[in-house]
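Here's the structure we're looking at; comments come further down.
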Amino acid sequence: MKVKSILAAGALTLALTAPAMAARDYISIVGSSTVYPFATVVAEQFGKTSGSKTPKIESTGSGGGFKLFCGGVGVNFADITNASRAIKSTEMKTCADNGVADIIEVKIGYDGIVLANSKDAKLLELTRKDIFLALAKDVPDPANPGKLIANPYKTWKEVNSSLPDTKIEVLGPPPTSGTRDAFVELAMENGAKSFDFIKDMKATDKKEYKKICHTVREDGAYVEAGENDNLIVQKLQANPNALGIFGFSFLDQNADVVQGSIIEGKEPTFEGIAEGAYPVSRPLFFYVKKAHVDVIPGMKGYLTEFTSEKAWGEDGYLADKGMIPMPKEERKMFSENVASLKTMEMK
Amino acid sequence: MNSTESNNSNILAPTKRLRQRYRAEKWFKRLGLSAIALSLAFIAFLFFTIFSDGYTAFRQTYIQLDVHFTAEEFAQEKLANADYPGLVKEAMSTMFPEVTGRQEKRQLYSLISPAAAYKLQEMVEANPKIIGTTQKVWVLADDDVDMLMKGKIDRNLVESNRRISDNQLAWIDSMIEEQRLEKRFNKTFFTTGDSREPELAGILGAAKGSFLTLLITLSLSFPIGVASAVYLEEFAPENKWTDLIEININNLAAVPSIIFGLLGLAIFINFWGFPRSTPLVGGLVLTLMTLPTIIIAGRASLKSVPPSIREAALGVGASKMQTVTHHVLPLAMPGMLTGTIIGMAQALGETAPLLMIGMVAFIVDVPAGITDPSAVLPVQIYLWADSPERGFTEKTAAAIMILLTFLIAMNSLAVFLRKKFEIKW
């Protein structure tokens, strides 16, 4: 009897909570973990003030976001994907193959990538060449320029005599992260270019060139600290000799405990990144599926909220969260694109 | 004579070998004890760090404002269109009339959480009669102010290294003097969903998500698990097929949980078209994960029921089905329930499979049903641990405390059920 009643109760719960497969009434957003802290603020603001449901935002990484976004058109697929890099032509092709033909590209601002250490340690002044020499897997042989050897440098002083005599120890994101992609591209590749023979290689053997520029050493000097930037900040406090790589918003929030190294003579400050003077910064984007704009409730409202001056403007709330706004003309251009739902050209 | 001598040397006087054996035993005991002491120390350390980080999260800093709900502000048709942030700013300006510069004003306004405006909107919508009056309202302070009040920002640092400027410190001190600033019980934490403002973030959304997910898991995995265990143990013939099934169930119990997430993504979302990020799909995936645990625990407890009970029941003329439902199953139930609760506790702490089906997401609205998107407790902990704002550190620890409370409660229930219904043979 008891068993029967338990079984009956189970069946009843299932029947009562049977799925109501209605159309989706909230926006579904996927994509970059770098854009996530900004998109979530906009989503929350939109949800609290408009009366619509708050959009759901998954942090899947830029690549994972495009994969979900380009899966097709319909309520089961994401409406918007955030990205910390522009869409690749292969991804655009996947999109087109799955019927996602009309995409609106919106650039939202910039993010700086900083190399920071504890406030207890000395502030470092680095060049991108130093960063390349300290972190690449293979570097030019100082005795025999033009040849590559496995990275022999153990201390910063060996890399550049003006730097302190401390062990090279850098905590950074793993290869799956967009921050890592941007860091190797903006810091290491540009550093590698200062060697002429590597620069020449770009024209002759592009694959080898990419490999030299983008491969990070694996002998323990670079520690993959996972995607958790807070953890890196905590580890930097515990170990003053270590440097960490993370986005500007984490430096901004933790300015009392960590300091951002000067790169090419430029400090990682809000103004420096906004002017484009700080060399290691990248644009942030989101991509909208045009076919969904009129179907999913709240899409237009969310887009308007994101592209409004009070959000992404110079004094907007996204700037408070550490996002670097675009210049005025660029903001105007992209908000007009959004208002007129201007799609990007498919390559 | 001879016998006493041999007694002396063999039994009463400890020989070298005997002493060695005693010593070995003593050391073995000490080793065991120190292992227990070590594991207890680890647990104590875990609890201590979580508690010391998290207990502050249950109190939050509030600021008292004299808000004048000017009638002109509400001339528009809809109450929602009024400029509530403007009202908050005005109240702050009247409190500190000496602040005039644009930069200074920005600093002053940033002491108050954006939540203040939502609160005023709620107040007006609940009682439009307050328009035109001045009300004393306690609103949430910004997370930086809160961190300062909790001693997590050092006042003695150089101004540039602090998130609170000297001006702001002076304003805060004067508010403390006027008793306009105080810490109160943090009700918000228990009544709201996620937020990007640490002072507004709550655990209810995730807790309800966990509850709905576990409800689905329980209502599917318990009946299915018990039925399979009963069939396999009491009715199934013993042959190659049942052996194969048994081996596979044992294997499934050891499969890493993320695999179930991938399976759920492929079948429930891509094939059946269930909505992503919902407790419905989460519950189904966790059902797959806990089923083997429940079946194995169920079979073990059915096995422990003595065969004499079955024989006696069959002997007095009960059918096989009556034997099972009237005698065997009630006796095996405590063991089955224990297994189920432990499986549920495991499911409660699981994040990996949920990653695949989109439950690791920012969701503000508290889910109302199983097809609303929602997060679960461990996911919420993960998301907060990864947020840049300092205020989330204590929220993370507080969320861990809540999760641990649930886990301990569930495990104690399992122990209680076992103790209460256990029958010793």
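Within the range B:334-372, can you find the residues that are within 10 Å of another protein chain (Cβ to nearest Cβ) and touching an Asp or Glu at 6+ places or on another chain (Cβ under 8 Å)?
Residues satisfying the conditions are B:G358, B:V360, B:A361, B:F362, B:I363, B:V364, B:D365, B:D372.
The rows are residues; the columns are (1) in contact with a Ser or Thr (Cβ under 8 Å, 6 or more places away or on another chain); (2) among the basic types (K, R); (3) closer than 30 Å to B:Q107 by Cα; (4) touching a residue at least 12 places away in the same chain (Cβ under 8 Å).
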| residue | (1), (2), (3), (4) |
| --- | --- |
| A:D294 | no, no, no, no |
| A:K300 | no, yes, no, no |
| A:T307 | yes, no, yes, yes |
| A:A311 | no, no, yes, yes |
| A:K321 | yes, yes, yes, yes |
| A:I324 | yes, no, yes, yes |
| A:K332 | no, yes, yes, no |
| A:V338 | yes, no, no, yes |
| A:T343 | no, no, no, yes |
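Show the residue pairs that are 6+ apart or on different chains and have beta-carbon atoms under 7 Å apart, the first residue being within the range B:77-95 and within 13 Å of B:I131 (Cα to Cα) and modelled with pLDDT under 85, the second being aromatic (F, W, Y) and assigned to a helix (DSSP H, G or I).
Close Cβ pairs (under 7 Å, with a partner that is aromatic (F, W, Y) and assigned to a helix (DSSP H, G or I)) amount to B:A82/B:F74.
Do you know which residues across the range B:225-252 are surrounded by fewer than 16 Cβ atoms within 10 Å (Cβ to Cβ) and within 11 Å of chain A (Cβ to nearest Cβ)?
Within the range B:225-252, just B:A227 meets the criteria.
Return the total of residues in the range A:42-62 being surrounded by fewer than 24 Cβ atoms within 10 Å (Cβ to Cβ), at the interface with chain B (Cβ under 8 Å from one of its Cβ atoms) and either outside any helix (DSSP H, G or I) or in contact with a strand residue (DSSP E or B) (Cβ under 7 Å, 6 or more places away or on another chain) (or both).
Count: 2.
For B:L120, which of the numbered conditions (1) touching a Phe, Trp or Tyr at 6+ places or on another chain (Cβ under 9 Å); (2) within 14 Å of another protein chain (Cβ to nearest Cβ); (3) not in a helix (DSSP H, G or I) fails to hold?
That leaves (3) as the condition not met.
If you check B:A312 against the conditions, is it in the same structural domain as B:L354 (by TED's automatic domain parsing) and either more than 24 Å from B:T340 (Cα to Cα) or among the acidic types (D, E) (or both)?
Taking the combined requirement at face value, the residue satisfies it.
Which of the residues spanning the range A:24-37 are more than 9 Å from chain B (Cβ to nearest Cβ) and either surrounded by fewer than 24 Cβ atoms within 10 Å (Cβ to Cβ) or under 18 Å from the mean Cα position of the chain (by Cα) (or both)?
A:D25, A:G31, A:S32, A:T34, A:V35
Go through the range B:330-363 and give me each residue that's in a helix (DSSP H, G or I) and either farther than 22 Å from B:T287 by Cα or not assigned by TED's automatic domain parsing to the domain that holds B:T213 (or both).
Just the residues of the range B:330-363 that are in a helix (DSSP H, G or I), to begin with: B:330-348, B:352-356.
Of everything in the range B:330-363, those that are in a helix (DSSP H, G or I) and either farther than 22 Å from B:T287 by Cα or not assigned by TED's automatic domain parsing to the domain that holds B:T213 (or both) turn out to be B:P330, B:L331.
Residues are listed down the side, and each one gets a yes or a no for (1) closer than 29 Å to A:K211 by Cα; (2) touching a residue at least 60 places away in the same chain (Cβ under 8 Å); (3) not hydroxyl-bearing (S, T, Y):
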| site | (1), (2), (3) |
| --- | --- |
| A:E105 | no, yes, yes |
| A:I108 | no, yes, yes |
| A:A121 | no, yes, yes |
| A:E125 | yes, yes, yes |
| A:L133 | yes, no, yes |
| A:P145 | yes, no, yes |
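Hey, can you tell me all the residues within the range A:251-298 that are within 24 Å of A:E314 (Cα to Cα), part of a loop (DSSP other than H, G, I, E, B) and of a type in the set (V, I, T)?
Residues satisfying the conditions are A:T269, A:V280.
Which one of these is within 14 Å of another protein chain (Cβ to nearest Cβ) and of a type outside the set (F, W, Y): B:G315, B:G273?
Numbers: B:G315 fails: within 14 Å of another protein chain (Cβ to nearest Cβ).
Among B:G315, B:G273, only B:G273 is within 14 Å of another protein chain (Cβ to nearest Cβ) and of a type outside the set (F, W, Y).
Quick check on the range A:310-325: of everything there that is assigned to a loop (DSSP other than H, G, I, E, B) and either touching a Phe, Trp or Tyr at 6+ places or on another chain (Cβ under 9 Å) or within 12 Å of B:P114 (Cβ to Cβ) (or both), which residue is farthest from the other protein chains (Cβ to nearest Cβ)?
If we take residues in the range A:310-325 being assigned to a loop (DSSP other than H, G, I, E, B) and either touching a Phe, Trp or Tyr at 6+ places or on another chain (Cβ under 9 Å) or within 12 Å of B:P114 (Cβ to Cβ) (or both), then A:P325 is farthest from the other protein chains (Cβ to nearest Cβ).
Would you pick out the residues in the range A:244-272 that are within 19 Å of the chain's Cα centre (by Cα) and under 21 Å from A:K129 (Cβ atoms)?
A:G244, A:I245, A:G260, A:P268, A:G272 - these are the residues of the range A:244-272 that are within 19 Å of the chain's Cα centre (by Cα) and under 21 Å from A:K129 (Cβ atoms).
The values are calculated or read from the model by the stated rules, or taken from the named source; none is laboratory data. Just so it is clear, the structure is predicted and the values come from calculations on it, not from any experiment. Cβ coordinates were reconstructed from backbone atoms using ideal geometry, including for glycine residues, and neighbour counts include every protein chain displayed.
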